[in-house]
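Each reported figure results from applying straightforward, stated rules to the coordinates on display, with no laboratory input. All values derive from a computational prediction rather than experimental measurement. FYI the Cβ positions are ideal-geometry reconstructions off the backbone, even for glycines, and counts take in every protein chain you see.
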């Protein structure tokens, strides 16, 4: 398979997975969150967390930052469309950032790599 | 497994950042040495795929969900643990800065867990298991499972040092949940590697010598 075809198919698959995630991803806590809920006594190791369970965080002396698209969404107004836009933006951003960084490394850092006398 | 800012004191976060920067530097050296114009778009597609897969949480029972981490996948496909550090660092930057998934001060710890530990455990256990079993599926699945499980234990120790989790309870809960999540990691890694090997067998020549694995 040629590079161009591989890239197009790869990106399309990544975007489809991302869009499916907006509708099908589980809302249950992940492993780290579940552990925090167990430690804080809000859930048992094998049981589910109650609907109102919330991780108590102590922000004292810790850095705080508000992301532009928290939780992969654009707020409640846009509903699932916000999630779709966020996931597409993130997927393309990850692609572009790796592409751009790699090109920069090859262009500026590897200049002359393998050339005789350099 | 993305540790948020509120789970770790700033000073500890900075220590993990300092360690992570050493590995990021080494991953840039890997990119300089091993990356070619032909390979760049493929590495970028892999990053996009890992980002998308990380957003897809699947239920794993016990009231918990999990997703692919991708350290083993990147390291096996590109034939180096530093490939995992390179890709996971950039994916974690996007997740942390744009989506608040994982903290800024804790990003160093997240890079160490998912990129460095995940990449090294995934890559070297894959190599060892390929040598021992000669079976691509078993080697990929087991390496990916370990690359999910071991970083989770490392995160539990970091949470203990941060005063967020007690050690024993943290290790047990993180271990149990990520032993289950590791099954997703293993399955998705095997499927992804099979797809990539079918589409572009040339990409994996560094990780899997010719004649090994495809038919295993």
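Values computed for the structure shown
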| quantity | calculated |
| --- | --- |
| Test: residue in the range B:136-148 that is part of a helix (DSSP H, G or I), more than 11 Å from chain A (Cβ to nearest Cβ) and under 19 Å from residue A:45 (Cα atoms) | no |
| Selection count where residues are under 16 Å from the mean Cα position of the chain (by Cα), free of Cβ contacts under 8 Å to residues at least 12 places away in the same chain and more than 7 Å from chain B (Cβ to nearest Cβ), scope the range A:21-41 | 2 |
| Meets criteria (within 7 Å of another protein chain (Cβ to nearest Cβ), within 17 Å of the chain's Cα centre (by Cα), crowded, with 24+ Cβ neighbours inside 10 Å and under 28 Å from residue B:171 (Cα atoms)) for residue B:111 | no |
| Residue match in the range A:77-92 (condition: over 23 Å from residue B:60 (Cβ atoms), exposed (fewer than 12 other Cβ atoms within 10 Å of the Cβ) and without any contact (Cβ under 8 Å) to a residue 12 or more places away in the chain) | yes |
| Residue pairs meeting the criteria (Cβ under 6 Å; at least 6 apart or on separate chains; first surrounded by fewer than 24 Cβ atoms within 10 Å (Cβ to Cβ), in the range B:75-90; second not in a helix (DSSP H, G or I)) | B:79/B:206; B:79/B:207 |
| Selection within the range B:39-68 - within 15 Å of residue A:21 (Cβ to Cβ) and more than 7 Å from chain A (Cβ to nearest Cβ) | B:50, B:54, B:67, B:68 |
| Any hit, the range B:8-27, residues being free of Cβ contacts under 8 Å to residues at least 40 places away in the same chain and facing chain A (nearest Cβ under 7 Å) | no |
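Rundown of residues vs (1) at positive phi; (2) more than 8 Å from every other protein chain (Cβ to nearest Cβ); (3) touching a helix residue (DSSP H, G or I) at 6+ places or on another chain (Cβ under 6 Å), yes/no style:
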position	(1), (2), (3)
A:58	no, no, no
A:61	yes, no, no
A:67	no, no, yes
A:86	no, no, yes
A:95	no, no, yes
